[in-house]
Structures are given as structure tokens and as C-alpha cells.
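The values are calculated or read from the model by the stated rules, or taken from the named source; none is laboratory data. Predicted, not measured: the structure shown is a model, and the values here were computed from it. Positions of Cβ are backbone-derived with ideal geometry, glycine not excepted, and every protein chain shown enters the neighbour counts. Protein only, heavy atoms only, side chains kept; ligands, DNA and RNA dropped before computing areas. Shrake-Rupley method; radii C 1.70, N 1.55, O 1.52, S 1.80 Å.
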Amino acid sequence: MSVECFVTGGSGFIGQHLLARLTFSGHKVWVLMRHVSNLETLREQVRQLGGEPSRIHAVQGDLNQQELGLNAADRQRIAAASVVFHLAAQFAWGLPLDQARAVNVDGALTVARLAASQRSRLLMVGGYMLQNIAHLNSIGIDHQRPETTDWPAVYQRVGGYEASKLEAHFAVIRDMQAQQADCTIVHPATVCGHSESGHILAGQPVTELIRGLVTGKLTAIPGSPRHWLPLVSVDYLVALMVAAAFDPAMANQQALALDERTPNLQGLLTHIAGTLQVQAPRHHLPLGLLRWLLKIPGVATHLGTSPESLNFIQTARFDMSQSRELESRYQLKHPDLEITLEKTAQFVRRALMVSPAP
Ligand SMILES: NC(=O)c1ccc[n+]([C@@H]2O[C@H](COP(=O)([O-])OP(=O)(O)OC[C@H]3O[C@@H](n4cnc5c(N)ncnc54)[C@H](OP(=O)(O)O)[C@@H]3O)[C@@H](O)[C@H]2O)c1
């Protein structure tokens, strides 16, 4: 059955793959775009990813504006959406609190209220840190009483991007519960490329990791042998998102999109380095020391990373029971992660040859 959907963040990495999957399945999609003049470029990108470009339509808007800046005609156009997929977010290290909050928290609340007002299911993308209860506790969030959180202190501890994603999550759940509206949340691990083409965009954390190896800037393994950076392929992620979005049993539920077979960070870096035939780092650098080094002026810029990025490297393991149920209901299977990483690394290297790293 073909339905209409409204998608924010459709021009982003996950968004492009989501549009490809939705339109390939016959759905019509309205995309919130800050620059509708980019629609033809987006359609072409989605066509290359296997989607059907003629099913993609744009509405002009911005998370930073009141009611997303939608005009009355566009508001009417998206009113029939069965599902509102909220992916848009400002992702950058060092985001100031006000800016992060305006886009990632207030923007998310506006999208959620729009979904509730037209009785669309909201499918929101969170992040796997929200499923790491020990981490939440350690940064001052009691996940059972999030309203007691001192948010400015959390922004101080983990930076604007992560803090705003965490704050948005709890704010949207509270708001949707108050309105008795449906909400489903999918939490991706760090996303790597497509399992067949390796397609990934510049600026993604995995792209930056691969660039670090190619340019020889990543010379030590952050953390200990117990540390890992949980990954998920973008094709598995969007398949899980679509399954969850249309499943009545997933109303007001959350699922993790994470490949438990992700090796530890050392294994991950060794595998990528082997594919690219570059030197793999062999020695570990404790996270505390690395965090301290990255605070030295110029070091983070030189290494192309930030102390904020280190929070995503951890030792925690996750409860995958909800995802396993979804996987068996929809016969979802993670693609082979080693092959996916090889394809992703080759894709990034090809892209670097076209526009070399600075
Ligand atoms: N990638 C990961 O590893 C990862 C892991 C966990 C969770 N997530 C979450 O997944 C979601 C999508 O991530 P992604 O990696 O696909 O992001 P991305 O490639 O950085 O794309 C971000 C998207 O958000 C849009 N956007 C940014 N600011 C906006 C604004 N003010 N108004 C309207 N749209 C705006 C961008 O539109 P423009 O084209 O106009 O810039 C773009 O479409 C995010 O919520 C992110 O937090 C990602």
C-alpha cells in the first residue's frame, strides 16, 4: 500500500537513503527543505541510491522558524502524511547551547506537535547514547525523572550536539504523552556506509575516522581494548526505521539500530587500515589523556576531531531485545559488517581522491 510521508532532514546522509527506500516502495514523500532550489539535486542523489525521484516533493521550511516556516498551502499538502519522519538536526562539534537548543530541541518539539496535530505517527531519530543508562547517570540525567535534569550543566559536560539530542528526546516524549499522540523512536549507532555501494557523505563521523587513517593523523587507538564504537549500516538502519514507522505495535516504543558484531575499536581500525593498505595504529591512548590533549589549542583542529566525539567511544553493551523482535517480524538482517566497512573505506578513499583532505 502506498501512503504519503513527511520527512525532515531528507537531504542528509540517512535522509537520502530513507527517501530512496520510501519512494522505491511506492510512497509519496514531502521533504522539508531549507533551500527548495536543491530539489532536483536531491532527486538525482536519491535516483542514484535506487529511489524513484518523481515521488519526492519539497516544502520550504526551517526548524529554526516558528511552525517550521511552512506556508498555508504547504501545511495543507503535508496534512495527509501517515508518518512524519524527523531526522533533521544540526550536527557539529562545539555547538553553542542556544543554537543547539533552537534547532535540535525546539525544532524537534515543533515537528512533534505538527505530527500530533494531524494525527500522523511520529518516527523520530534519536541516538544510541540514549540507551546507555550508566552514561546518562554519569552526566547527570536520571532517565526515569528527566525533568529533574540541570540541562545547562549537561551541555557543559558533553557539548551542544549530544546534550541537545538528549534533551530533545525527553522533551518530545513528554509532549507526545501529554497530547496522547503516537511516537516511535529509533536510536542509531554511528552510521557507516551502504553495504553494497559503500555510499556515505563527507562530514559523517565514520568518514572522518577513515580520513584520519588515510591522512596518517590517527596514530593511536582511543581508549582501551574494551572500547568500541558501535556501528550500523545505513541500509539496515533505514529498513528498521521504515518497519518501525508503519508497525502499529511500535507505537510509543523505541528500538536500537546497532550491529552487536561491531569489533572493538582496535579491530575496527585494523580492518579499515588493512583495506586501505595504510598503517593501523597499534598503541592505545587512554580517553582521559586524549581528552586533555584535544583541549590544547590547535590539537583538535590538527587531528580533525574534538573531545566531544570521544563520548561515543565506550565499553557499554546494549539491550537489543526490542530490535530483535522487529528483526524477526520483518526478516531484517544486518549485512556483513566487515564487507560493509571495506566498501565504505573504498568509497571514502575514492571521494578523497576527487577532493583531497586539507
Ligand atoms: N550519522 C550518524 O552517525 C548518526 C548517529 C546517530 C544519530 N544520528 C541522527 O540521525 C539524524 C540524521 O543524521 P544524518 O547523519 O543523516 O545528518 P546530516 O547528514 O548531518 O543531515 C542533517 C539534515 O538536517 C537538515 N537540517 C539541519 N539544520 C536544519 C534546519 N535548521 N532546518 C531544517 N533542516 C535542517 C539538513 O538540511 P540541509 O541540507 O538544509 O543542511 C540535513 O538534511 C540526526 O538527527 C542525527 O542526530 C545520526
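Numbers for the structure displayed
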| read-out | value |
| --- | --- |
| Count - residues of the range 160-207 that are touching a strand residue (DSSP E or B) at 6+ places or on another chain (Cβ under 6 Å) and away from the ligand (no atom under 14 Å from the Cβ) | 5 |
| Residues located in the range 117-139, provided they are part of a helix (DSSP H, G or I), within 14 Å of PRO188 (Cβ to Cβ) and more than 9 Å from the ligand (Cβ to nearest atom) | LEU130, GLN131 |
| Of all residues making up the range 341-358, the number that are more than 25 Å from TRP93 (Cβ to Cβ) and surrounded by 12 or more Cβ atoms within 10 Å (Cβ to Cβ) | 3 |
| Yes/no for THR184 being outside the structural domain of ARG282 (by TED's automatic domain parsing) and of a type in the set (S, T, N, Q) | yes |
| Within the range 4-25, considering residues that are more than 14 Å from the ligand (Cβ to nearest atom) and either without any contact (Cβ under 8 Å) to a residue 12 or more places away in the chain or open to solvent by 10 Å² or more (accessible area, probe 1.4 Å) (or both), the one nearest to LEU114 (Cα to Cα) | GLU4 |
| Conditions (1) open to solvent by 10 Å² or more (accessible area, probe 1.4 Å); (2) touching a residue at least 60 places away in the same chain (Cβ under 8 Å); (3) not in a loop (DSSP other than H, G, I, E, B); number of the one not met by ARG157 | (2) |
| Sole exception among (1) touching a residue at least 60 places away in the same chain (Cβ under 8 Å); (2) under 18 Å from CYS5 (Cβ atoms) for VAL103, by number | (2) |
| Candidate set from the range 73-88 (those that are surrounded by fewer than 21 Cβ atoms within 10 Å (Cβ to Cβ) and within 24 Å of THR184 (Cα to Cα)); member that is farthest from the chain's Cα centre (by Cα) | GLN76 |
| Among (1) crowded, with 16+ Cβ neighbours inside 10 Å; (2) closer than 23 Å to VAL186 by Cα - the single one LEU70 does not satisfy | (2) |
| Qualifying residue in the range 273-292 (condition: within 26 Å of ALA239 (Cα to Cα) and over 23 Å from the mean Cα position of the chain (by Cα)) | no |
| Inter-residue pairs, beta-carbon under 7 Å, first within 25 Å of ALA239 (Cα to Cα) and in the range 36-65, second in a loop (DSSP other than H, G, I, E, B) and among the hydrophobic types (A, V, I, L, M, F, W, C), 6+ apart | VAL59/LEU70 |
| Subset of the range 172-183 [surrounded by 20 or more Cβ atoms within 10 Å (Cβ to Cβ) and small (Gly, Ala, Ser)] | ALA181 |
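Every residue, every condition in (1) in contact with a Pro (Cβ under 6 Å, 6 or more places away or on another chain); (2) open to solvent by 10 Å² or more (accessible area, probe 1.4 Å); (3) closer than 15 Å to PHE312 by Cα, yes or no:
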{"residue": "ILE185", "(1), (2), (3)": "no, no, no"}
{"residue": "HIS199", "(1), (2), (3)": "no, yes, no"}
{"residue": "GLY203", "(1), (2), (3)": "no, yes, no"}
{"residue": "LYS217", "(1), (2), (3)": "no, yes, no"}
{"residue": "ILE221", "(1), (2), (3)": "yes, no, yes"}
